[in-house]
1. Select from the stretch 134-150 the residues that are in a helix (DSSP H, G or I) and in contact with a strand residue (DSSP E or B) (Cβ under 6 Å, 6 or more places away or on another chain) and write down the one among them that is nearest to residue 12 (Cα to Cα).
2. If you take the residues in the stretch 47-84 that are assigned to a loop (DSSP other than H, G, I, E, B) and touching a helix residue (DSSP H, G or I) at 6+ places or on another chain (Cβ under 9 Å), which one is surrounded by the fewest Cβ atoms within 10 Å (Cβ to Cβ)?
3. So the check is Cβ under 8 Å with 6+ separation or different chains; which pairs have a first residue in the stretch 181-200 that's in a helix (DSSP H, G or I) and a second one that's surrounded by 10 or more Cβ atoms within 10 Å (Cβ to Cβ)?
4. Only one residue in 140, 98, 198 is out of contact with any helix residue (DSSP H, G or I) (no Cβ under 7 Å at 6 or more places or on another chain) and either buried (at least 16 other Cβ atoms within 10 Å of the Cβ) or at pLDDT below 95 (or both). Which one?
5. Check the stretch 151-166 and report whether any residue there is in a strand (DSSP E or B) and either out of contact with any strand residue (DSSP E or B) (no Cβ under 8 Å at 6 or more places or on another chain) or closer than 25 Å to residue 36 by Cβ (or both).
6. Look through the stretch 102-118, keep the residues that are farther than 21 Å from residue 30 by Cα and either touching a strand residue (DSSP E or B) at 6+ places or on another chain (Cβ under 6 Å) or in contact (Cβ under 8 Å) with a residue 24 or more places away in the chain (or both), and return whichever of them is surrounded by the fewest Cβ atoms within 10 Å (Cβ to Cβ).
7. Just the residues that are more than 12 Å from the chain's Cα centre (by Cα) and touching a residue at least 40 places away in the same chain (Cβ under 8 Å), please, taken from the stretch 139-152.
8. Give just the number: which of (1) in contact with a helix residue (DSSP H, G or I) (Cβ under 9 Å, 6 or more places away or on another chain); (2) surrounded by 19 or more Cβ atoms within 10 Å (Cβ to Cβ) does residue 149 not satisfy?
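The values are calculated or read from the model by the stated rules, or taken from the named source; none is laboratory data. Because the structure is a prediction, the values reported are computed rather than measured. Virtual Cβ from ideal backbone geometry, glycine too; neighbours counted across all protein chains shown.
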């Protein structure tokens, strides 16, 4: 599958058949996170990989307690055999840009100095690379938010307090039946609606 085919085929998968994903399939998907850009070659993203039934079940126990599951509209999502949590270290960017070769940028004192927080830009690129690699490998994938559960997940997984969880990525073999979200009714805009040639 080439890049154009992976881009065309990528969809949010909310239901999985539960089969495990072998390491020889999973490792290249995770490695794709290192193929995106990284400002200053900071490489401040870590991946917390949950790939055992116990670890995945414990994640859902923290984020979706049993009393809420009966009304959860995507029960097939809970069958995803792998959950990946990309975790970013914003302070690493400040430290990197405080080094001699980057100090001229004036970004080496505090995260507030960054007009664009590149830790989010770079981690978003890393996530997209993983999603495309998953599609190319024949896997279903879904990026979803951790939101209000971030602190609880951080404690549960021993993630350092100074790190931020970008989101969660479900990976696995797609079930034949998929239920989309209401958001899926919103269509992608055409290129002409977003491309401004020469000026706005």
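1. Ranking the qualifying residues of the stretch 134-150, first place goes to 134.
2. That would be 72.
3. 184/12
4. The match here is 140.
5. yes
6. 117
7. Passing the criteria: 139, 140, 149, 152.
8. Of (1) in contact with a helix residue (DSSP H, G or I) (Cβ under 9 Å, 6 or more places away or on another chain); (2) surrounded by 19 or more Cβ atoms within 10 Å (Cβ to Cβ), only one is false for residue 149: (2).
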